[in-house]
Amino acid sequence: MPADEALAGTVYLRIGDSAKKIPYEPSPRPNAPPSYGFKPLKGQPEAVRWIPEAHTDPALQDLLVAANDSSTAIFTIGCGSAALRGNEGHWQRGYVEFALNDAYAVQSFAEYFKVFLDFDGAWRAARGEYRVSFMWELAPALFLARDVEGYTFTVWIQTAPYATAEAARYCWGHALAQLRQQLVSVRLLVSGDAIY
């Protein structure tokens, strides 16, 4: 995501076509950190310590614990974050992937679109001076626990460049707090059997 888009504080939605099976196994990735595989966190806040991607990111840890609380309508699938530095300054980027925790709702574009619209409205109202872009990607998935085809949302997040690492981290923390607040407030239009 170009830095000028992060400066604008934009929110995007795109539809991906790369399907995956959940759970998935750890695997190496060329030119990127390894994938550590899916770890079921739903209803297990203590399990967040098993997520290497969150070890050095308290804002990401908080999001994972809150989103996977047994009372929420979602569960997380994957995540990552990185603090970066370049000629433009310091910025932070990463992602959170999640799915609706319902064998029926996980198949519904309407359910996912409502989550996106609710976040978009809340972010526009609360972003203030924070310069962050969010790209939401809806992609197909096969949930092996229920043998059901559905979707996941990956939210790619990037701050604009800041003069200091602390300022970029503060902006990142605000962005993840807003995402966390929206994810824990998701209410499904219909419901059936939980996936996890």
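Quick note: the coordinates plus some simple rules give every number you see, no bench work behind them. Keep in mind the model is a prediction, meaning the values are calculated, not measured. Positions of Cβ are generated from backbone atoms using ideal geometry, with glycine treated the same way; all protein chains shown enter the neighbour counts.
Length gained on full extension, Ala145 to Tyr36: 37.3 nm, using 0.36 nm per residue less the C-alpha separation.
Placing unit charges on the Cβ atoms of the charged side chains and taking the dipole of the chain about its Cα centre, the candidate lying farthest along the positive direction among Gly89, Leu64, Tyr151 is Gly89.
Available extension along the chain between Ala165 and Leu117 is 14.2 nm, counting 0.36 nm per residue and deducting the alpha carbon span.
Length available on full extension from Arg49 to Ser71: 0.36 nm per residue minus the Cα-Cα distance, which gives 5.9 nm.
Based on other C-beta atoms within 10 Å, arrange Thr56, Thr159 from fewest to most.
Numbers: Thr56 11, Thr159 30.
Exposure proxy ranking, most exposed first: Thr56, Thr159.
Would you work out which of Gln178, Val106, Ser35 lies farthest towards the positive end of the dipole of segment 3-184? Charges go on Cβ: Lys and Arg +1, Asp and Glu -1. Going by the charge dipole, the pick is Ser35. The Cβ shell under 11 Å around Arg180 holds other residues with a net charge of -2, Lys and Arg each +1, Asp and Glu each -1.
Using unit Cβ charges (K, R positive; D, E negative) and no other charged atoms, how large, in debye to the nearest 20, is the dipole of the chain about its Cα centre?
On the way: 17 positive and 21 negative charges, 34 e Å.
Its charge dipole is roughly 160 debye.
Taking each DSSP H run with n ≥ 4 as -39500 (n - 2.57) and averaging over every residue of the chain yields -9000 deg cm²/dmol at 222 nm. Summarised as an ellipsoid, segment 2-80 has semi-axes of 23, 18, 15 Å, derived from the eigenvalues of the Cα gyration tensor scaled by 5 and square-rooted, with the largest first. What is the distance in Å between the Cα centres of segment 31-107 and segment 153-196? Between the Cα centre of segment 31-107 and that of segment 153-196, the gap is 9 Å.
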